[in-house]
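Right, one structure below, let's go through it.
Each reported figure results from applying straightforward, stated rules to the coordinates on display, with no laboratory input. What you see is a predicted model; the values in this text were computed from it and never measured. As a convention, Cβ positions derive from the backbone with ideal geometry for all residues, glycine included, and neighbour counts pool all protein chains shown.
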């Protein structure tokens with residue numbers, strides 16, 4: 001039995017990846033892995049600058065911007081900060097707004113000689129930044145870096161809502177507007193979005209720790225009513241989910257789904273890093289830590 005494509009599952013609403021802890025379901029196994037961290041407290045994404053750790057790579061990326069801001073170059077004379085150390089040699093020009101470097105072609109002026117030199121390439125047609133892979137040349141080094149992603153296939157800008165990846169951050173930003181329009185419920189705590197306000201309210205309990213559904217038998221509380229219903233079967237001994245293949249029964253439908261894979265040989269939980277597949281999401285989670293140790 002083949003595994004449905006993620007794009008198809010998004011349209012059908014199918015969420016085959018179930019959390020064994022709380023019963024929450026996900027379309028993608030990668031989302032389930034990230035969700036597991038809310039239970040384990042695991043923070044695999046480490047900032048190389050200060051050592052601080054994060055559950056999500058997107059949170060790490062956001063945090064790392066604070067170091068970029070810290071590293072801005074302050075002028076000891078006026079206290080103003082500059083993006084490049086070369087700008088410190090001309091603090092007076094920045095304070096007065098004087099633009100000492102003028103374009104020889106037309107009346108445009110620049111504060112820095114490097115900015116002027118880069119601008120002059122427009123007129124001369126010079127493209128000093130060359131791609132070692134295909135030989136294509138660019139006026140700006142930033143344009144070369146963006147171009148090189150074509151050869152590596154790298155898509156570092158990842159959408160936390162649907163898992164789609166992009167080559168450029170601008171493409172990701174444009175893509176995320178789709179989710180803001182189609183899903184009115186947006187969690188400001190973690191960035192997840194939901195189709196209804198009630199789904200968002202239920203989700204927020206993960207962050208608040210609220211567990212309004214209590215078992216009358218033993219007093220244990222749960223975040224979701226569905227989790228309480230499943231728990232109560234421990235007391236009643238009820239196992240309503242029966243395997244048509246061998247007759248074995250289970251108290252959870254998710255356990256039956258996992259059990260059926262023994263008969264079908266299906267392994268729907270695939271590692272995005274190396275392609276290895278697993279029957280259980282928990283086995284994928286354990287396997288995934290091998291890669292996080294390789295790439296701290």
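For this structure, a couple of remarks:
- Extending 7 Å from Cα along the Cβ direction at residue 42 and again at residue 245 yields two label points whose distance is 2.7 nm.
- Separation in nanometres of the label points that stand 7 Å from Cα toward Cβ, at residue 148 and residue 132: 0.8
- Taking the number of Cβ atoms within 10 Å of each Cβ as an exposure proxy, the fewest-first ranking of 199, 59 is 199, 59.
- Taking 0.36 nm per residue of sequence separation and removing the Cα-Cα distance, the residue 270/residue 171 pair yields an extension gain of 33.0 nm.
- Shape category assigned to the range 191-296 from the gyration tensor of Cα positions, a/c cut at 1.5: oblate
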